[in-house]
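Please treat every number below as a calculation from the coordinates, not as lab data. Because the structure is a prediction, the values reported are computed rather than measured. Positions of Cβ are generated from backbone atoms using ideal geometry, with glycine treated the same way; all protein chains shown enter the neighbour counts.
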Amino acid sequence: MTVHVKVHVMHTGKVKVDTALPYRELDKVPPVNQRGEAHQIWLPMSSYLIEHPAGRIVVDAGWHEDVRTRPEEHLGPAASFVEYELPAGWSIREQLHARGLAPCDIDLVAVSHMDVDHISGLTLLGGAKRFWVSEPELAAVKPFKQAWYEGIDLEPYALEPIPFGPYELGKDVFNDGSVYLIHTPGHSAGQFSVLARLQQGWLLLASDVGYSERSWKEMILPGVMTDREQALQSLAWVKEFAMRDDCMMVLANHDPAVVPATF
């Protein structure tokens, strides 16, 4: 029997950055206020709740509620590199609560990659049953980021052969072909995208492979990369997958055109 899932797209914060971050304009991304207003852009930060008959998954955590009250202490050096906002009701904890859920109701928290805007709120999900990050991503994480997941038991999952992705590596989460974590490195060493099978077709959550639909349509790389060749291969795969007849939609994590919705 074919299993179909439900995906909730949530915004769990906003981040103001230099436009060189989403759309590679310079060799090095400057702090948000260095080049002036013409080179600034507010981006949403997305998290996802995936409902499957066998369990619930949350992908990424957005900003911690501490950015409302003690941002410099929570974010450290990142506080001077970007601007940040977490409106009332937007934190991952508040979003789940609005849906009648608590962290203990979440079977898996999957971390696409270990950038602060994806892991800042992880401790708000303390009590979830499991936390996964890919082996190459956890192996490459910088020690200073540990403060953002203190007390969280991150489990590295091994990359396995799957039928999708630029390297056909990742994880079949429920072992039924309905939800895949797709190895799409380049922006970071072990970043994954998520492929979920809905009734209407595949929904691809492309993480930061590209920052908007424009990224893969025009093949514009992100401004921060660990490996340019891998980033190109991952972006090219997203572009190719987006053109498939059975692809319902591709969503980038930070696309300003994406609004919260349920699919």
Dipole-positive endmost among Phe174, Leu235, Trp90 within the chain (Cβ charges, Cα centre)
Trp90
Taking every other residue with Cβ under 9 Å from the Cβ of His118 and scoring Lys and Arg +1, Asp and Glu -1, one gets -4
Work through the residues other than Leu96 whose Cβ is under 11 Å from its Cβ and net out their charges, Lys, Arg +1 and Asp, Glu -1.
+1
Would you mind working out the magnitude of the charge dipole of the chain relative to its Cα centre, with +1 at each Lys and Arg C-beta and -1 at each Asp and Glu C-beta, to the nearest 20 Debye?
300 debye
Do any of Lys28/Lys129; Lys145/Lys171; Lys28/Lys171 go past 31 Å between their Cα atoms, and which?
Lys28/Lys129; Lys28/Lys171
Apply 1/(1 + (r/R0)^6) to the Cβ-Cβ distance of Glu73 and Phe263, taking R0 = 41 Å, and write down the FRET efficiency to the nearest 0.05.
0.65
Treating cross-link reach as a plain straight distance, find the aspartates and glutamates whose alpha-carbon is under 17 Å from the alpha-carbon of Lys217, omitting any fewer than eight places away in the same chain.
Glu25, Asp208, Glu240, Asp245, Asp255
Can you pull out the GluC sites (Glu not before Pro) in the stretch 111-212 that DSSP calls coil and that have at most 16 other Cβ atoms within 10 Å?
Glu150, Glu168
Within the set of other residues whose C-beta is less than 13 Å from the C-beta of Val109, count the net charge using Lys and Arg as +1 and Asp and Glu as -1.
-1
